[in-house]
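Beneath this line is the structure, given in structure tokens, with notes to follow.
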Amino acid sequence: EAEVAQSPRYKITEKSQAVAFWCDPISGHATLYWYRQILGQGPELLVQFQDESVVDDSQLPKDRFSAERLKGVDSTLKIQPAELGDSAMYLCASSLGRELDYEQYFGPGTRLTVT
Amino acid sequence: AQSVTQLDSQVPVFEEAPVELRCNYSSSVSVYLFWYVQYPNQGLQLLLKYLSGSTLVESINGFEAEFNKSQTSFHLRKPSVHISDTAEYFCAVSIGFQKLVFGTGTRLLVSP
């Protein structure tokens, strides 16, 4: 069964350092999402890609966060510099992005701890 | 803008008892509704979804949810829970294949 892959699964970093997360969506999925889930809360969208284009990054803290999906396949989310408040689970999801199939498939997530 | 309210942060229940996890949403347009389940240190798995048609939707593991437009609710129910159902459950809404807006989650704790 096809799955969304994410790496690393766990990351510990010191504040002010740079950190990057990688996501490989299910093959053929045009839409890719990055969510942030703070402990005890539901996930919140950071950025949404349609192929290689950003369609929603309204909640992405652009002073320190960046995301790219250069070839419209895998994606990287970067934080520089990391802050203590960035400690969270970062979830990647993908979907076909066509009408009548709105299901988003989630990866296992990357748990970030900033010390 | 859409929003989702899950009033119960935690629901303790005994094994084989029935359970209902409540979800209410707010939106000025038609939405699609979802329930996701999250086990510790894992990503989210889709449990069931309502897109259109029958207002009662079922999952393969015995959960069901009913879309109630007049009450703007999408409560999740199971007539008899198992220990293995212990997890965090998230209700979510979306417009088309736009972003999912999640509730804060309900932790279901099933004890023997």
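The values are calculated or read from the model by the stated rules, or taken from the named source; none is laboratory data. Just so it is clear, the structure is predicted and the values come from calculations on it, not from any experiment. Note: ideal-geometry Cβ built from the backbone for every residue, glycine included; neighbour counts use all protein chains shown. SASA here: full protein model, heavy atoms, side chains in, ligands and nucleic acids out. Shrake-Rupley method; radii C 1.70, N 1.55, O 1.52, S 1.80 Å.
Taken as a whole, the condition of being open to solvent by 70 Å² or more (accessible area, probe 1.4 Å) and in a strand (DSSP E or B) does not apply to B:PRO40. Among the residues of the range B:60-89, those identified as closer than 23 Å to B:PHE14 by Cβ and in a strand (DSSP E or B) are B:GLU64, B:ALA65, B:HIS75, B:LEU76, B:ARG77, B:LYS78, B:ALA87, B:GLU88, B:TYR89. Only one of the numbered conditions (1) within 12 Å of another protein chain (Cβ to nearest Cβ); (2) modelled with pLDDT of 95 or more is not met by A:GLY42, and that is (2). Note on the range A:19-115: enclosed strands (runs of 3 or more DSSP E) holding 1 or more residues that are in contact with a Ser or Thr (Cβ under 7 Å, 6 or more places away or on another chain) and open to solvent by 20 Å² or more (accessible area, probe 1.4 Å) are A:19-24, A:44-50, A:65-68, A:75-79, A:110-114.
Here is a yes/no grid of residues against (1) modelled with pLDDT of 90 or more; (2) of a type in the set (Val, Ile, Thr); (3) open to solvent by 10 Å² or more (accessible area, probe 1.4 Å):
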{"position": "B:PHE14", "(1), (2), (3)": "yes, no, yes"}
{"position": "B:ALA17", "(1), (2), (3)": "yes, no, yes"}
{"position": "B:TYR36", "(1), (2), (3)": "yes, no, no"}
{"position": "B:VAL57", "(1), (2), (3)": "yes, yes, yes"}
{"position": "B:PHE63", "(1), (2), (3)": "yes, no, no"}
{"position": "B:PHE74", "(1), (2), (3)": "yes, no, no"}
{"position": "B:VAL81", "(1), (2), (3)": "yes, yes, no"}
{"position": "B:GLU88", "(1), (2), (3)": "yes, no, yes"}
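For the range A:1-18, taking the residues that are β-branched (Val, Ile, Thr) and more than 13 Å from every other protein chain (Cβ to nearest Cβ), the one that is surrounded by the most Cβ atoms within 10 Å (Cβ to Cβ) is identified as A:THR13. Only one of the numbered conditions (1) modelled with pLDDT under 95; (2) closer than 19 Å to A:ARG111 by Cα; (3) in contact with a strand residue (DSSP E or B) (Cβ under 7 Å, 6 or more places away or on another chain) is not met by A:SER75, and that is (1).
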